[in-house]
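Since the structure comes first, as structure tokens, the remarks are kept for the end.
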Amino acid sequence: MNDGGSYGRFGAYSRVELERFFHLDDEDRRLIAARRRDYNRLGFALQVVAARHLGMFLPDPLDVPPELVGYLAGQLGIEDPTCVKRYTDREKTKLEHAWEIQREYGLTPFAEVESELTAWISDQAWMTGEGPKAIFSGAMAWLRGRQALLPAGVTTLERMVATGRESADQRLWQQLTSPLTPQTSGALLGLLDVPDAGKQRVNELDRLRKGLFRTSSKGMVAALNRVADLVAVGAGSLDVSTVPPRRLLGLAMHGIAGKTTLLRRMSREHRLAVLVATVLALAARATDDALELFDLVMTTELLSKAERESKDEKLRRYPRVSRNAGKLAAAVKVMLEMSEVEPDISLELVWDLIENGVTKSELRAAVAVIDELVPAGDAELNGRRLEELAGRLATVRPFLPLMMRTIEFGATADGAPVLKAMTTLADLLTTKSKLPATYLDARRVDHDLITGGWSRLIYREGRPPETVDRAAYTLCVLEQFHRRELHTRIDAAIRRTEGAEPMTDSPPGEPDRDPAPQRHARFPGATDPADSAGQTPSSGHSSPTRAGAGPHPMNPTTPPAVRVQLLHVPDCPLVERVRDTLTACLHDTLIPVQVEELEGEYPSPTLVIAGRDVATGQPPQLVTCCRLDLPTYEQIWTALNTAIPTRPTHG
């Protein structure tokens, strides 16, 4: 814990290090000069540098390297450094000198700050969950920063750290497990059991930890059932707002990545606490996985296939369109040429010239074919694409109602109508009706959402009165919901802030440089500031927002988020790689973050986390250049975990 026994001990020093750390200033020399004998002056100097360098008075003031004794003797003009051996002949001398040094230099005895340090260690262990070495080093820094003497024995601090960490762990476990009902406790402990009957050969926890599903309707159902199973355990209703997110995250990682055999060996209270944190984290991750899979299903199974089918149909129609359009073009060409040559030419003569190449009957047939193949209201055969999309109701019918029941979505004012329509649609698809199976009650649909080419399909001719086409309306609403649904991580409120400046270590109000005019690019999943405030945004890319966006899923009081900035010049070819790496890392971690993407005159691309360039570990250098040292996954992961904010503690 004390880094190889270096506590309270001098090391080996070079001449440069001696001059740097053990130089005696004028105040030191004034106090030392008050001693009459050389050995007392040299011994006093040794106690001064021990208190300054080690933060304590050594039990044996002469337990120092010989080169240090010689260096101090040289500064004091003492020719024989060995005379210092007489310094300890009188036991009270070193104590009197220590008291004088303590008084003159304003040092505080350890006993006077022990209770305050105990409280600091307890708070640090509770808030951060750091290991014993980190807290031990922090305790030493805490004492040194307050001009307080360290205890003479290392075991004193070690015991305080061990007690503080154990107390924090017990407090964490008790706080997570005390609200549990016997039923919830049994359900949590049952996650580690392997069912006796059936084909399942793994315990429930191992099954729920797996998040790989096929991009299909069945895969969506499986992903949503995973969310429902985690919610059914009952831990999600617990109030964990008083638990530091970092502690909850650290506890959850034992359950997410650890072996179940190790979990079974824990005490019952410890095991329950780990399972509570794990279920909360997995529920958030499972929701995230389900929504990402929804995006894939919409993109690959619905939108892309419909687009591809419409393009194929366009290619099939192309020969007929081309052939008939050629006839019409030939006729129009004659009209244009003659109007330029003879503006007053009669219409009969123009027709005679046209019919030399194509007859009137052929032109009428060509117009009819063009009207048939290229409807006026469906530019680029968009209507055909919507028809193909509406024909895929069977793909979304199994999971759409389940998704709206399982995941709680939120929406801003602009996206609220779409979210309400989705909720009503889920109810319409699962409620029995006297209407034919292919129609929905028109009184319960939102007609304001039906625009463009969807109108012809939803209000198709021949439908029963007060009905709309079920397949077309379902895909119409679902397409708008998918377009508006924001791809943010559950535990990371990613937003784009207008007018933000890159973070640096400059004092407030003194930026390193005037930022160049910025054009904000849209980070995947970024939201507008109005989205975060629940107000109507000015753009058309607003909600429905992802469930859980905003407050951390494991802490409804919204803990402080780590600030992340992606800086790049416009059209940087490497920025997409950094985006992908960052997105992958954010998906794998549960740390709350706030992401801003800025375009301007920056070193491109640069990823800044908590004011530090991830690739270099230094404040960002705002000089325009092309960078090839892209941050790695490991660097981003380390930077995020290092930057997790903690609550201020005692002292």
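Worth a mention:
- Subset of segment 120-134 [surrounded by 15 or more Cβ atoms within 10 Å (Cβ to Cβ), of a type outside the set (A, V, I, L, M, F, W, C) and in contact (Cβ under 8 Å) with a residue 12 or more places away in the chain]: SER122, ASP123, GLN124, THR128, GLY129, PRO132
- Annotation note: of ARG456, ARG484, the sole residue that is open to solvent by 10 Å² or more (accessible area, probe 1.4 Å), modelled with pLDDT under 90 and either more than 24 Å from THR299 (Cβ to Cβ) or of a type in the set (Gly, Ala, Ser) (or both) is ARG456.
- Subset of segment 147-174 [more than 36 Å from the chain's Cα centre (by Cα) and either of a type in the set (D, E, K, R) or in a loop (DSSP other than H, G, I, E, B) (or both)]: GLN147, LEU149, LEU150, PRO151, ALA152, GLY153, ARG159
- Of the candidates ASP446, ASP441, ASP414, the single residue that is farther than 23 Å from MET220 by Cβ, touching a Lys or Arg at 6+ places or on another chain (Cβ under 8 Å) and either of a type in the set (D, E, K, R) or in contact (Cβ under 8 Å) with a residue 24 or more places away in the chain (or both) is ASP446.
- When segment 80-119 is filtered for residues that are in contact (Cβ under 8 Å) with a residue 12 or more places away in the chain and hydrophobic (A, V, I, L, M, F, W, C), the ones remaining, listed by number, are CYS83, VAL84, ALA98, ILE101, LEU107, PHE110, VAL113, LEU117, ALA119.
- Close Cβ contacts (under 6 Å, 6 or more residues apart or on different chains) running from residues in segment 267-280 that are crowded, with 23+ Cβ neighbours inside 10 Å to residues that are outside any helix (DSSP H, G or I) comprise VAL279/VAL233; LEU280/MET554.
- Some residue of segment 240-251 being farther than 30 Å from ALA394 by Cβ, open to solvent by 40 Å² or more (accessible area, probe 1.4 Å) and at pLDDT 85 or above: yes
- Meets criteria (charged (D, E, K, R) and loosely packed, with under 14 Cβ neighbours inside 10 Å) for ASP169: no
The values are calculated or read from the model by the stated rules, or taken from the named source; none is laboratory data. Treat the numbers as computed from the prediction; the structure is a model and nothing was measured. With ideal geometry, Cβ positions are generated from the backbone for all residues, glycine too; neighbour counts draw on all protein chains shown. Accessible surface areas use protein heavy atoms only, side chains included; no ligands, DNA or RNA. Shrake-Rupley method; radii C 1.70, N 1.55, O 1.52, S 1.80 Å.
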